[in-house]
Amino acid sequence: MKIAMIALLLVGSTAMAQMPDTSKMMDQAKGKASDIMAACKEDKIKFCDKVTEMNAIKECLKKNKDGLSAGCKSTLGI
């Protein structure tokens, strides 16, 4: 029984160690959103002024890619 408990603890701790660091992922996502908002501020006002949710803003900007500034396009990867 003790061996089974030790095995479960080892497997569980190994699985936890392999899980991605969600706080790091959130920080990266926030950083990317900040980069987009900084590079695309004028484009967002021009093309997507009424859009407020980040993914919707990105989609709106991509739909208007032909009119975007070079910096905004670069930050969006288009």
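The values are calculated or read from the model by the stated rules, or taken from the named source; none is laboratory data. Fair warning: this is a prediction, and the values are worked out from it, not measured in the lab. Cβ sites come from the backbone with ideal geometry, for glycine too, and all protein chains shown count toward neighbours.
When each of ALA39, ALA29, ALA70 is tested for being surrounded by 13 or more Cβ atoms within 10 Å (Cβ to Cβ) and either among the aliphatic types (A, V, I, L, M) or touching a Pro at 6+ places or on another chain (Cβ under 9 Å) (or both), the lone residue that passes is ALA39.
The rows are residues; the columns are (1) of a type outside the set (Lys, Arg); (2) at pLDDT 95 or above; (3) under 19 Å from the mean Cα position of the chain (by Cα).
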{"site": "MET16", "(1), (2), (3)": "yes, no, no"}
{"site": "LYS24", "(1), (2), (3)": "no, no, yes"}
{"site": "ASP43", "(1), (2), (3)": "yes, yes, no"}
{"site": "LYS46", "(1), (2), (3)": "no, yes, no"}
{"site": "THR52", "(1), (2), (3)": "yes, no, yes"}
{"site": "ILE57", "(1), (2), (3)": "yes, no, yes"}
{"site": "ASN64", "(1), (2), (3)": "yes, yes, no"}
{"site": "GLY71", "(1), (2), (3)": "yes, yes, yes"}
{"site": "ILE78", "(1), (2), (3)": "yes, no, yes"}
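Give region 21-62 a look and list any residue that's out of contact with any Leu (no Cβ under 7 Å at 6 or more places or on another chain) and outside any helix (DSSP H, G or I), or say none. Result: ASP21, ASP49, LYS50, VAL51, THR52, GLU53.
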